[in-house]
Amino acid sequence: MNPNDMIDDIEWQQLIQTVGEQFSDLTIKRGFQYYKQGFVHPIKMTDTLIEALVEGSEDYRVALKLDRLSESHCTCPVKSHCKHMIAVLLDHVSKQGRFVHAIVNAHATAMLKQPAKTISQDSAVSEHRGEAANALQEKASQIPSLSIAEWHGLFKLCITPLEFSSPNSQYAKKAIAAIYAVKPPLSPVMEQLYDLHAHLFMIIKLVKPAQHSVHSNNTYMGYHTQVAADELKEAMRHIFESGLNITTEPELWPRVTKTLTYLRRQMLTEPKNFSYLSEAYDQLWLKWIHPNLKDTGMYTEEIRKLQSAEEELGDTLSKLPWMLAQSRIYFLMAEDEQAWSWLKTADKASIIPPGYLISYLETLSVAGEWSRLQEWLVHIGPMLTSHRKGIFHDYMEYWTTAVQQLPQSEEQMWETLAGMLPYSKDIYEETLLSYGKWQQWMDVQLSTGKEPLEFRVSVLQPIEKNAPELLLPFYHQAVERYILLKNRSSYKAAVKLLKRLSKLYKKMKREERWEQFITVFASRHSRLRALQEELRKGKLII
């Protein structure tokens, strides 16, 4: 096994089994404590060996062979199969994104897998498993009457056989399948709620352990775990997108509100830098609660609960989700000033996910609330400047829609884009071209010293067709800059632009002006022999 490579599933299971067989439970538990306290300091890794220092009463050096654990050794008095080796092993598998508790419980797992000594013992185990399965099915048959807490308790029982699996995509899929396997026939709304809670349960199982990382204050999730969490999030998005026809089963509305209570708590304590639960909370409001809400007092009550959470949760409160949640509720109440205020506060404190900002625009566009859409575009624009450029295209699509519906909003669009410079430079220029603002576009290029040859021909063609005279100073200035460089490459670039100028003057029916210019130009630079050669090659002079 190469420690520099990712441990595959077969190697992982073999490693768990080997640890369980060769190390005592007490040694493993003590090694776990050393690992948790951050006592492991890796030195180097080779194809066959991991070397590390482990703090203790003294600093001990461990040489760990993953493929032959029995040949590993430590400088401590025990010398082999010690707690220091376990600490190094746990540090390594954690960095591989594996579930460290599978190693911590390896000895107990190995004991459970030992073959039974008598037929009677085999029968007893089989009978016990049968009784457990029957009890699980009996519990599952009561799902419609069980509370949300009891649902999650049932889910935990369902995935018990997978307890020591690595937290990856395959594990999550098997766990969801196990939870679905016990599901009895349910009504449509109850089915949606069950599906949602199954995915919430698994998201929380994957995300919340990362909150207790022992290596640093930063939240960390292994790659394979993140892939699994992202897949669960996408599945939840589909569940929400299907909507909730609560009118057919109004008696289930209290279960929806209890789901909100549960999700609010989980969202407000989500690990920093994650947004799985806050996105679920947001979607619950947008897709399920808001479209079905008759009692608008629920908005006010939600604001009250969110605000009281600051004191209740103290240091465990996740500030960004907390602020964004209040912005969303005020938005749904159409109290935009309050919503903007919370968004601005959140923007100062952290980086708001761009998709979350765009969702406000999407909601208003779908609802046809064009005046509000225009106002939200103005307020959200500056918050997008810290994000990648691609998000500006999504943003501009909503401006296009707003201007189509409210032509008078175009002036405000230009003011907003100009106010977002220099971050909005690319999209600002693209929009100027798409709106036929040739003069403004050219002013930007001339003021920034942009080179004409940096643009594709297709970009300049509309200007050449509609306002060719604007290209004259653009090309002339660039030609003079190229000449000042005084090298063969720059002379070739100058000639390339001069040939474009020749076509422009002809298009404008000002050939005489061109002839005067090129004659004076060639004479003025007659001592630059390389330039003269390029002018002749370009057939600009004889």
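When a/c is below 1.5 the answer is rounded, else prolate if a/b is larger than b/c, else oblate, so apply that to the stretch 284-424 with a ≥ b ≥ c taken from the square roots of the Cα gyration tensor eigenvalues. All intermediate terms of the calculation are to be shown ahead of the outcome.
On the way: a/c = 2.41, a/b = 1.43, b/c = 1.69.
Taking the square roots of the gyration eigenvalues as a ≥ b ≥ c, the stretch 284-424 is oblate.
Straight Cα distances below 17 angstrom link Lys294 to the aspartates and glutamates Glu249, Glu251, Glu302, with same-chain residues fewer than 8 positions distant left out.
On the beta carbon distance between Ala334 and Glu191, with R0 = 22 Å, the FRET formula returns roughly 0.10.
Using only Cα atoms, find the angle between the long axis of helix 438-448 and the longest principal axis of the chain, and express it within 0 to 90 degrees, rounded to the nearest 10. Between helix and principal axis, roughly 80 degrees.
Label separation (Ser57 vs Lys348): 5.5 nm, computed from points 7 Å beyond Cα along the C-beta direction.
If I take R0 = 30 Å and measure r between the Cβ atoms of Lys319 and Ile43 in this structure, what FRET efficiency does the formula 1/(1 + (r/R0)^6) give, to the nearest 0.05? Don't skip to the answer; put the middle values down first.
Details: r = 39 Å, r/R0 = 1.29.
According to the calculation, E is roughly 0.20.
Once fully extended, how much extra length lies between Glu251 and Ser24, figured as 0.36 nm per residue of separation less the alpha-carbon to alpha-carbon distance?
Numbers: separation 227, 0.36 × 227 = 81.72 nm, distance 5.43 nm.
Full extension from Glu251 to Ser24 adds 76.3 nm.
Here r is the Cβ-Cβ distance between Leu446 and Gln96 and R0 is 56 Å; the resulting FRET efficiency, rounded to 0.05, is 0.50. Element breakdown for the chain at a 1.4 angstrom probe: carbon and sulfur atoms account for 52% of the accessible area. Between His238 and Ile391, the modelled label-to-label distance comes to 2.7 nm, taking each label 7 Å out from Cα in the direction of the beta carbon.
Helix 471-485 axis versus longest C-alpha principal axis of the chain: approximately 80°, rounded to the nearest ten. For the stretch 342-461, averaging the sequence separation of C-alpha pairs within contact (under 8 Å, six or more residues apart) and dividing by the residue count gives a relative contact order of 20 percent.
Does the stretch 436-499 come out rounded, prolate or oblate, given a ≥ b ≥ c as the square roots of the eigenvalues of its C-alpha gyration tensor, rounded meaning a/c under 1.5 and, failing that, prolate meaning a/b above b/c? Judged from the Cα gyration tensor, the stretch 436-499 comes out prolate (a/c at least 1.5, a/b above b/c).
Could you give the accessible area per residue of the chain, probe 1.4 Å, as a whole number in Å²? Don't skip to the end; give the middle numbers.
Details: 28090 Å² over 542 residues.
Normalised by residue count, the accessible surface of the chain is 52 Å².
Over the chain, what is the mean sequence separation of C-alpha contacts under 8 Å (at least six apart), divided by residue count, expressed as relative contact order in percent? Before the final figure, lay out the partial values.
Values: 537 pairs, mean separation 36.1, N = 542.
RCO, the chain: 7 percent.
Distances between every pair of Cα atoms in the stretch 35-90, grouped in 5 Å steps from 0 to the bin holding the largest one, split as 4, 24, 35, 25, 10, 2, 0 percent. Fully extending the segment from Leu484 to Ala367 would add 36.4 nm, taking 0.36 nm per residue of separation and subtracting the current Cα-Cα distance.
Compared with the dominant Cα axis of the chain, that is its longest principal axis, helix 370-380 is turned about 80°. Approximating the spin labels as points 7 Å out from Cα along Cα→Cβ, the Gln408-to-His476 distance works out to 4.2 nm.
Between the stretch 31-86 and the stretch 346-392, the alpha-carbon centres lie 51 Å apart. Rounded, prolate or oblate: which fits the chain when a ≥ b ≥ c are the square roots of the eigenvalues of the alpha-carbon gyration tensor, with rounded for a/c under 1.5 and prolate only if a/b beats b/c? Note, shape of the chain comes out oblate.
The values are calculated or read from the model by the stated rules, or taken from the named source; none is laboratory data. The shown structure was predicted, so the numbers you read here are calculated from the model rather than taken from an experiment. We place every Cβ from the backbone using ideal geometry, glycine too, and count neighbours over all the protein chains shown. Note: areas computed on protein heavy atoms with side chains; ligands, DNA, RNA excluded. Shrake-Rupley method; radii C 1.70, N 1.55, O 1.52, S 1.80 Å.
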